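I have placed the structure first, in the form of structure tokens, so that the comments after it can refer back to it.
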């Protein structure tokens, strides 16, 4: 009973901040023949499922290759007029499926899934992350990323179609705020 209480206390913040879905995580198709090196560089968040850890605007992430299967991840946002950055590590978790990355922003936390569902490497990327909670329900995140701060509506609609095809609920997806990002703080 005590361990169940501890588990509820640990997962409550995740449940409260996100909308959980019944059942285990979906198993979406990921980018075939994914090339990690081509994915490196600067990506801007175009749209997302709401995430408790992303509250600001002008959210972007820069990926830098450190080894053949490991990357440095620097994410930033402007929150309350202040530029905030966080540095993490990413790894290819399965060499046979390099589009399934794991990312962690803390040495004490495990890697979270960061799966590249689709990318052309030069303009857009679709990313999905999902965590099962006792296989009873799951909490997920999804992002549409761009190499620029905006994407054509047609690209966003195609992205939504990819998520829908993979049984990922996009009804809560919201556009990210990418205006006024180049102003000096």
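Coordinate-derived values only; no laboratory data. From a predicted model like this one, the values you see are computed outputs, not experimental measurements. Heads up, the Cβs are rebuilt from the backbone with ideal geometry, glycines too, and the neighbour counts pull from every protein chain shown.
Distance between the C-alpha centers of the stretch 137-174 and the stretch 39-68? Whole Å please.
Cα centroid to Cα centroid, the span is 14 Å.
With springs only between Cα atoms under 10 Å, which of 108, 87, 139 fluctuates most in a Gaussian network model of the chain?
Of 108, 87, 139, the most mobile in the Gaussian network model is 108.
Multiply the residue separation of residue 35 and residue 172 by 0.36 nm, subtract the distance between their alpha-carbon atoms, and state the gained length in nm to one decimal.
Details: separation 137, 0.36 × 137 = 49.32 nm, distance 3.00 nm.
Difference between extended and current length: 46.3 nm.
I need the P(r) histogram for the stretch 112-185: all alpha carbon pairs, bin width 5 Å from 0 out to the longest distance, whole percents.
3, 13, 23, 23, 17, 10, 7, 3, 1, 0
Indicate the gyration tensor shape class of the chain (rounded, prolate or oblate), computed on the Cα atoms with a ≥ b ≥ c the square roots of the eigenvalues: a/c under 1.5 is rounded; otherwise a/b larger than b/c is prolate and the rest oblate.
Numbers: a/c = 1.35, a/b = 1.23, b/c = 1.09.
The shape class here is rounded.
Choose one answer from 109, 49, 145: the residue with the largest mean-square fluctuation in a GNM of the chain with alpha-carbon springs under 10 Å.
109
Tell me the mean residue ellipticity at 222 nm calculated for the chain from its helices only (DSSP H runs of n ≥ 4, each -39500 (n - 2.57), averaged over every residue, nearest 500).
Working: 3 runs with 33 residues, N = 185.
Helix contribution divided over all residues of the chain: -5500 deg cm²/dmol.
Going 7 Å from the Cα of residue 104 in the Cα-to-Cβ direction, what parts of the stretch 70-96 have a backbone nitrogen less than 19 Å from that spot?
Within reach of a label on residue 104: 70-75, 86-95.
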